[in-house]
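See structure below.
The values are calculated or read from the model by the stated rules, or taken from the named source; none is laboratory data. Treat the numbers as computed from the prediction; the structure is a model and nothing was measured. Here the Cβ is made from the backbone with ideal geometry for all residues, glycine too, and neighbour counts use every protein chain on show. With ligands, DNA and RNA removed, areas are computed over all heavy atoms of the protein, side chains included. Shrake-Rupley method; radii C 1.70, N 1.55, O 1.52, S 1.80 Å.
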Amino acid sequence: MFKSNIRDDAGSGAGEVSRHSTLKYPFRLNFYEKPPLGDVTIEEFELFAIDRLRVLGEIESSWARNRPSEEVRKVVGDQCAKYVPLSNNTAKTVELDEQRRKDHIGHFVLRLAFCRSEELRRRFVKAETALFRVRYDADDTLERQQFLKSMKFDWSGITHEEGIALQDQLNTLIGAPEENTDFSGFLKVKWTRIPDLVEKRKVVLKGGWAFVPATEQSALVFHEFQTTLECALEATSKALPRLDEDTRIIPLLNNLSQGFLSGASFDWGSSTATTAGGVTADMIDEMARKHFPFCMRYQHEELRKRKHLPHFSRLEYGLFLKVLGLPIEEALIFWRKSFSKITDDKFNKEYKYNIRHSFGLEGKRANYPAKTCMQIIMERGQKDMECHGCPFATFASENLQTALMSMYNVGSQDMGEILHLVKGQHYHVACTRVWEISHGVKKGAGLDGESVTHPNLYAAKSREFEKARTKQESGEDVVMAEG
Amino acid sequence: MTIHDDGLSPEAMLAFYQRLYPFKSIFHWLNHEPAPTRLFVNREFAFTLQGDVYLRYNSFANADELKKQICTLNPTRFEIGPVYSARPRDKRTVRPTAFKPLQRELVFDIDMTDYDSVRRCCSEANICSRCWVFIAAAVKVLDRSIRGQFGYNHLLWVYSGRRGIHLWVSDQEAMELNDEERKAVANYLTVVGGGKEKKKKVNVRQGSKPLPPGIGEFINLLQDIFPPLILQDQDCFAGEVGAEELLALLPANAQIEPLRKKWTADPDRSSEEKWDDVRNQVKINGKKTAPGKLLLAAMEDIVLQYTWPRIDAEVSKHRNHLLKAPFCVHPKTGRVCVPVDPTRIDEFDPAEVPTVGQLLREIDEAMMINNEDDAEGTQHLPDWEKTSLKPYVALLDAHNKALMEETRRRKRGDKNTDTSTSKSLSYVVRHRLWPLLRWTIAYEEHVYAQVGDVRTHLVTAEGLLPLLLVSILFVPCFVPSLCFRRYIMH
C-alpha cells in the first residue's frame, strides 16, 4: 500500500507523493537513498550542512566524553531540536516538508564533504548511524512500522522446518517454553550483517546464518542503514572529481570537512576572523590567569619564567594568541617584551620573521589557523626544554596535581576524578572538567553544553561567561550569545 | 654428519628449506588455484632472521621465488600476513591509502600458557601428553563451532611446534571478513575471561538462566571430558587450596556451607569426591528450587571455565596479524609445525612430531638405501616423501585439493549467471551505480546557485561531456538495473 513512495520512482521526483498524504516526505525517518531534487540556494547549501554538522559534532564529542547512552540520547535530542528539528506526522503546526527537506539536503551536502578520505567516511558513517539510531528509537511506533514496511528490506523469515530443527536453541534464546513451535517472529540473515548481535550471543547461529529474534531487529535496520551509506559514500567519492562546479562549492566542502576533523570546532579551526580583536600585549597576563586553558597558561608561565620559549611553543602559543584577537603589531610588542634577555637585533633577525609568518605576512602567506586540541595532544615535545603539547597528556601525575591546584584551585575531591580521566586518556574531558570547576558551573554542564575541542574555544567561552556574569551582577538583562 | 646432531644450526635449517619444506603445497594452500593470483602475489611474508632481525612486507610472484628468497635469507622462521590491495614489496612506492589489507584467513591461536591456572602437570613453556588433552578439548569445540555455527568448511589445524595449535580458515567468505566481523567471532568464542585477579571467569548468563545456545550446544561434550581430565588426571580440587578454588566458584546463596564444613574436616577428599558432593548438594537443595538451579548453573560454568577453548582473541581480531607459517621449525624445540587432523586429535602426541635433525637423518638413510638398491623409481621423488614428513604434507595436499575444487566450482558458477550472482549484480547496480548516476544527474540539472538575484546555471557545455562519458560506461549496467527495478515494483 505504500508502494508509490521513495524507492520505486525513477528519479523524476513526481513519484514521491504517497497516496495517504500530500507530503513530499511521508516519513520522518529517511534512509537517504535518493539525492534531493529541486533548487538549492547556496545559502541553504551551507547553512543546512553546518547545522547538521553541529549535531554530528556533538555526537562525536559525547563519545569522547564517554557519556552514558541515555545521556547521549538526551543531548543529541536537544541538539537536534535546536538545529535540525524533525517532527512526527501528527504535528500540525510545523512545516513537515520543510524540516525534512533541510534534514535531507544537510545530509547530502555532508556526504559530499566527507566522502574524500577513508577516515572521514568512517567517522561520518559512524556519527550518522548514531543519529539515525537516536531518531529511530524516538520515533512513533506506528510511523516507524510504516516506514519499515515502505523500505522493503530483503530479509527472509524462517521456514517452519528450520524452526523445528533448531527448536531447542531458538526457545532457549528467547526464553520461551520448550514446546513452543511458533517462530514466525524470527528472521534469517547472513551473520556478517549483524556482527554485534553475534558478539553478544543474541542470535542462534547455524551454518553461517543468524536467526534473529523479533526484539533485536532494529539492529538489522541500523546495519542496513550503515552499509547503504558506506556504499553510497564510496560511490560519491568516485563521482566527486566529475562534479562540474563553479569554484563556490568545493571551498565550502573543504571548510566543512576540516571542521569535522578538528573535533567539530569548525568555527575556530578554519575561520580566520578572530574573536572581537582589540586584545593588547599588556592584557595577556591578566587574561592568561582568567581565561587560558591549562596548555596555554602553562606556556605563558614558562615564558615569563624563562624569558624565552622554544620554537614549537612559540608556534602553538603564538597562533593561539592570534586567534584570541592579538593583532600583529601587538604580537610583535608582546614577544619583544617577553624575550627580555635578548637584543633588538637578535629579535629582529631570528624571531620577527616567524611571528610575521604565522600571521600570513611572509613566505607563502598562508593564514594559519590555531592548533586544535587534537593536534596539540598528538604533538608532544620530546626534548628537555620543550613545553608545548597537551599538559594533561605530558605531565607526570604529581606535577599535574600541583599545577592544577595552584593554577585553577582544583580541590582534592575533583582531583581524583581528573586524574582518573587522564589515566583513561580522556584529555579533553579532563580539560572540560577544569573549565567547569574554575567557572563554578555544575559537573557535566560543559562550555554551554560543549566540550573543549580547541584552546580558543576554551578562552572564548570563558570570556563570554565572565561578560555574562558581570552584566548579571550589574542587574542588566542578560542574553547569552548563542555558540 | 655433524650438522644433523644439532638440529637447529643454520646449516640444518638451510638443508631443511632446500630439501624438505613443501613450498608447492604452501603455495596451493595460500593461492586456492594452480596459477598465481592476487591471493599469493599480494600476500605478505615476514621473516625472522638469525639474530632476531625482522623483515616485513616481502611478497613473491610464485612458489619458486619464495623458495629462492628463503634459501638465500635462511630465516629461523617466517610468518604469513594478509593479502593487501597492492604488492607488499611495493609498499613504499604506493600511496598509503592504496595499501590496505583486504583478505586473510580467519585465524585462531590456542596457547597452553593460557591454561596455566587450570593445569597441574606443567607450567609456562612446558607441555606433556597430559596437558595436550586441554588442547584436544579446545580443538573439538572450536572445530565444531566454526563448521556448524559459522558454516565454514576449509579448516587447517597446525601444531605450533611447542605448546599450542593454530587454526586457519580458508573459505572465501572467511577470507573476506572485515576486522569488525573478526572481532565478533573472537568475542563470540571467548567464554573464559576476566583476568588473573578474577576467580569466576565464566560470566555468559544471568543468574540460573540457561546457557546461550551457541555455548549450550557443547556443554554435553565438555561434561564428558571434564571428569577424566580435571577430576582424575589433573586433580584440580585436591587439598585445601583446591577446595577453596572450587568453593570460590560456587554461588554464596546456594547453601554451600555444608560442603565447606565437610571438606575442611576431611582435607584428603579427592576432586572426584568433592564434585560428587556438589552434585549431591543439588539434590538436597532440590533441582527445581532457586538454590538448586543456581548450583546446577554454577557446575556448568565450572566445566566451561576448566575446559572451554582459551583462544588468544587478539590474533583473530585483525586482518593484518601475522601468524607463523605451517611447516616452519620451532626454534626452541626443533619440531616442525605440522598440520593436524582434528578428527584424530586425541591420538596426536606432540612428542612424536618430527624434528629437523630427525628428518635430515631420514633423508640420509633413504639415500644410502637408494644407493645400494640403485632403484630408479624413488629417485625423482621429492625428499620429503622419503621421510616421516610425508603424511603431514599429504594432509595439507588433501586440504588444498578440496579448497581448489571449490574455487574451480565457484569460478564456473560465476560464468553461468546463477541466482546468487545476478542478485549481487543487482545489488551493485542498486546500491553503487544507480545512486552515483542519479546524483550526478541531479547535481548537473538541479543545483543552481543563487547569488542575490543573479541565477547562474552550473551546467555548461563542457560539463555535459563527462556526464555523457559516464552514461556510456554504465549502459551495460543499466539493463539489469531496469529489469531489477521492474522486479521490485511488482
Please report the orientation-averaged projected area of the range A:156-212, defined via the convex hull of its C-alpha atoms, in nm².
3.5 nm²
Eligible lysines near A:K371 by straight Cα distance, threshold 21 Å, same-chain separation 8 or greater:
A:K290, A:K322, A:K352, A:K383, A:K461
Cα convex hull of the range B:1-115, projected area averaged across orientations, nm²
9.4 nm²
Threshold 10 Å², probe 1.4 Å: give the residues of the range A:199-222, in number order, that are less accessible with all protein chains present than with their chain alone.
A:E199, A:R201, A:V203, A:L205, A:K206, A:G207, A:G208
Got a sec? Charge dipole of chain A, +1 on Cβ for Lys and Arg, -1 for Asp and Glu; which of A:V452, A:L315, A:V212 is way out at the positive end?
A:L315
Heavy-atom accessible area of the range A:35-157 with neighbours in place, 1.4 angstrom probe: carbon+sulfur share in percent works out to 52 percent
Probe 1.4 Å, protein heavy atoms only - accessible area per residue of the range B:213-307 in square angstrom
46 Å²
Losing no less than 20 Å² of accessible area (probe 1.4 Å) relative to the isolated chain, the residues of the range B:140-164 are B:G148, B:Q149, B:F150
Exposure ranking of A:M283, B:M404, A:M405 by accessible area [1.4 Å probe, largest first]:
A:M405, A:M283, B:M404
Roughly how much of B:D341 is accessible, in Å² to the nearest 10, using a 1.4 Å probe?
50 Å²
Can you tell me the mean projection area, over all orientations, of the convex hull of chain A's alpha carbons? Units nm², please.
30.0 nm²
Percent of accessible area on the range A:279-483 owned by carbon and sulfur, 1.4 Å probe?
51 percent
Please work out how much accessible surface B:S123 shows to a 1.4 Å probe, ignoring ligands, DNA and RNA, in Å² rounded to 10.
60 Å²
How large is the helix-only mean residue ellipticity at 222 nm for chain A, computed as the sum of -39500 (n - 2.57) over DSSP H runs with n ≥ 4, divided by its residue count, in deg cm²/dmol to the nearest 500?
-17500 deg cm²/dmol
How much FRET efficiency would the formula 1/(1 + (r/R0)^6) give for A:V94 and B:Q223, where r is the Cβ-Cβ distance and R0 is 60 Å, rounded to 0.05?
0.45
Once label points are set 7 Å from the Cα along Cα→Cβ at both B:I284 and A:K305, what is their separation, rounded to one decimal in nm?
6.8 nm
Probe 1.4 Å, all protein chains present, accessible-area order of B:R89, A:R111, A:R463, largest first
B:R89, A:R463, A:R111
Protein-protein interface of the range B:171-218, residues with accessible area decrease of at least 50 Å², isolated chain reference, 1.4 Å probe:
B:E181, B:A184, B:Y188, B:P213
On a 32 Å Cα-Cα criterion, which of the cross-link pairs A:K206/B:K401; B:K293/B:K317; A:K188/B:K200 come out too long?
B:K293/B:K317; A:K188/B:K200
Compute the convex hull volume of the Cα atoms of the range B:115-207, divide it by the residue count, and report the result per residue in Å³ as a whole number.
139 Å³
Over the range B:213-307, with every protein chain in place, what whole percent of the accessible area is carbon and sulfur at 1.4 Å, could you tell me?
52 percent
As an exercise, identify the trypsin sites (Lys or Arg not before Pro) in the range B:293-399 lying in DSSP coil whose Cβ has no more than 13 other Cβ atoms within 10 Å.
B:K332
Return one whole number: the accessible area per residue of the range A:49-105 in Å², for a 1.4 Å probe.
46 Å²
In Å², nearest 10: area of A:S156 left accessible to a 1.4 Å probe:
60 Å²
Quick calc, the range A:279-483, dipole around Cα centre from Cβ unit charges on Lys, Arg (+) and Asp, Glu (-), nearest 20 debye, gives 640 debye
Suppose we flag GluC sites (Glu not before Pro) only when DSSP calls them loop and at most 10 other Cβ atoms lie within 10 Å. Which is the longest uninterrupted stretch of chain A?
A:180-475
Using protein heavy atoms only (no ligands, DNA or RNA), what is the total accessible area buried between A and B, 1.4 Å probe, nearest 100 Å²?
4500 Å²
Find which of B:Q281, B:S270, B:G216 sits farthest along the positive direction of the dipole of the range B:213-307, computed with +1 on the beta-carbon of Lys and Arg, -1 on that of Asp and Glu, about the Cα centre.
B:Q281
Test of understanding: what is the full-extension gain from A:R242 to A:Q425, defined as 0.36 nm times their sequence separation minus their Cα-Cα distance?
61.7 nm
Using alpha carbons only: equivalent-ellipsoid semi-axes of the range A:279-483, gyration tensor based, whole Å:
29, 22, 15
Leaving out ligands and nucleic acids, and using a 1.4 Å probe, what accessible area per residue does the range A:279-483 come to in Å²?
51 Å²
Equivalent ellipsoid semi-axes for the range B:158-285, as square roots of 5 times the alpha carbon gyration tensor eigenvalues: give them largest first, rounded to whole Å.
35, 18, 14
